[in-house]
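Have a look at the structure below before the remarks.
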Amino acid sequence: MILKVISAEDILFQGEVKVVHLPGSMGAFTVLPGHASLVSTLNSGEIRYTSADGSDHEVSVGGGIVDVDNNIVSVCIY
């Protein structure tokens, strides 16, 4: 699946990932390949993901929104 993490200033990450953990405003949640479509707001916290090569990464966010559709996870952060 593809993860895109975008801020107003820059594209922080765009690439193939195995899993994404997000700080949803209704509670943290995990997105795996084949996840159902959704749109959610995000609280401040950490977006954690495992890239295709198996390495783990974190991005600190102050909030934002996420759209999951057809194995594309698009995150716009504040």
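At 0.36 nm per residue, and after removing the present C-alpha to C-alpha distance, how many nm does the segment from ASN70 to SER44 gain when stretched out fully?
Details: separation 26, 0.36 × 26 = 9.36 nm, distance 2.55 nm.
Answer, rounded to one decimal: 6.8 nm.
Can you pull the Rg over Rh of the chain, Cα-only, Kirkwood?
0.91
Using a 1.4 Å probe on the protein heavy atoms, what percent of the accessible area of the chain belongs to carbon and sulfur?
Details: 2320 of 4330 Å².
Taking all protein chains in place, the chain shows 54 percent carbon and sulfur surface.
The values are calculated or read from the model by the stated rules, or taken from the named source; none is laboratory data. Note that the coordinates shown come from a computational prediction; the quantities given were computed from them, not determined experimentally. Side chains included, ligands, DNA and RNA excluded: accessible areas come from the protein's heavy atoms. Shrake-Rupley method; radii C 1.70, N 1.55, O 1.52, S 1.80 Å.
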